[in-house]
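Visitor: This is the structure, below, for whatever I ask next.
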Amino acid sequence: MHLHLPTLDLVSVFATLVAAGVSLLAWYRYRDAVALRSWAAALVLGAVGALLFSLREPSTSAALFVTADSLCVASFATMWLSMRRFNTSKATPLRMAIVAAAITSVFVLLVTFSWQMGAALRAQSLVFSLFVGGLALATAWETWRGGRQDGLRSRRIAAAALAGIAAARLVRVALLGLDWLDIVEPHTADRAWGYGLYVSTVCVLVVTFGLVLMATERYEQQVARQLDGRRA
């Protein structure tokens with residue numbers, strides 16, 4: 001079955017905005033879980049980037065592609081920092097913004113340099129997928145690592161979904177590499193990526209609901225500790 005990529009792009013935008021709304025509503029309920037607020041901001045960045053990418057045409061300038069990809073990289077960088085903030089409150093919003101901007105700037109510099117060197121659009125897509133896959137994998141590790149401290153069982157759901165996003169992007173890198181070597185036809189790589197985009201969209205929703213479950217479980221742990229303290 002062939003998946004229509006422009007339609008998938010629009011579905012991804014809608015699903016990401018819904019996930020951002022859910023995350024923000026959960027933050028209103030659990031104000032101590034400040035990572036939910038920055039997670040919502042990350043999803044909005046990703047939705048804007050995906051929306052710009054969906055507007056692509058054969059005559060679209062490379063600057064629009066770079067802008068869309070940069071917003072998506074900033075989105076995943078913010079996701080990683082949000083998970084770090086969930087694990088520890090030491091990460092201030094200003095520090096998170098500086099780190100996310102630095103990661104995005106490195107990506108823009110690499111893509112701009114490759115563009116000036118005459119690299120094909122496939123090469124720029126490869127760099128983009130490497131950044132997104134690496135950040136998703138780092139976020140998955142941060143989610144899993146935090147479970148050693150608080151023991152939240154719902155972390156497994158979020159970590160598995162993040163690993164799914166990273167796996168989809170690494171498959172995309174492999175397909176782009178095979179296309180570059182003329183082993184796989186471009187339309188075959190694009191068709192296969194349709195399934196990868198579908199999996200990534202589902203995983204973003206699963207990660208968001210997993211993060212909400214994590215906030216709920218942490219809140220229940222705090223309430224249980226308070227009750228035990230009063231009984232003691």
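The values are calculated or read from the model by the stated rules, or taken from the named source; none is laboratory data. If you're wondering where the values come from, they're calculated on a predicted model, not measured in any experiment. Reconstructed Cβ throughout: ideal geometry from the backbone, glycine too, with neighbour counts over all protein chains shown.
Visitor: I need the full set of residues from region 150-163 which are crowded, with 20+ Cβ neighbours inside 10 Å and not hydrophobic (A, V, I, L, M, F, W, C), in order please.
Guide: Arg155
Visitor: Part of a helix (DSSP H, G or I), hydroxyl-bearing (Ser, Thr, Tyr) and in contact with a Phe, Trp or Tyr (Cβ under 9 Å, 6 or more places away or on another chain) - does that describe any residue in region 142-151?
Guide: Looking through region 142-151, at least one residue is part of a helix (DSSP H, G or I), hydroxyl-bearing (Ser, Thr, Tyr) and in contact with a Phe, Trp or Tyr (Cβ under 9 Å, 6 or more places away or on another chain).
Visitor: Moving on to the next point. Residues of region 184-201 being closer than 24 Å to Val44 by Cβ and free of Cβ contacts under 8 Å to residues at least 40 places away in the same chain, which ones?
Guide: Gly196, Val199
Visitor: Please find, within region 154-183, the residue that is nearest to Ala136 (Cα to Cα) out of those that are touching a residue at least 40 places away in the same chain (Cβ under 8 Å) and β-branched (Val, Ile, Thr).
Guide: Out of the qualifying residues, it is Ile165.
Visitor: Restricting the search to region 184-205, which residues are in a helix (DSSP H, G or I), of a type in the set (Val, Ile, Thr) and more than 21 Å from Ala136 (Cα to Cα)?
Guide: Answer for region 184-205, where residues must be in a helix (DSSP H, G or I), of a type in the set (Val, Ile, Thr) and more than 21 Å from Ala136 (Cα to Cα): just Thr188.
Visitor: Right, another one. One residue is enough: does region 117-134 have a residue meeting the conditions aromatic (Phe, Trp, Tyr), touching a residue at least 12 places away in the same chain (Cβ under 8 Å) and within 29 Å of Glu220 (Cα to Cα)?
Guide: No, region 117-134 contains no residue that is aromatic (Phe, Trp, Tyr), touching a residue at least 12 places away in the same chain (Cβ under 8 Å) and within 29 Å of Glu220 (Cα to Cα).
Visitor: So which of Val11, Val18, Val44, Val73 ends up being crowded, with 18+ Cβ neighbours inside 10 Å and over 22 Å from Leu126 (Cβ atoms)?
Guide: Going through Val11, Val18, Val44, Val73 in turn, just one is crowded, with 18+ Cβ neighbours inside 10 Å and over 22 Å from Leu126 (Cβ atoms): Val44.
Visitor: While we're here: Aliphatic (A, V, I, L, M) and either modelled with pLDDT of 90 or more or more than 26 Å from Val106 (Cβ to Cβ) (or both), is that true of Leu10?
Guide: Considered against the rule, which asks whether it is aliphatic (A, V, I, L, M) and either modelled with pLDDT of 90 or more or more than 26 Å from Val106 (Cβ to Cβ) (or both), Leu10 comes out as yes.
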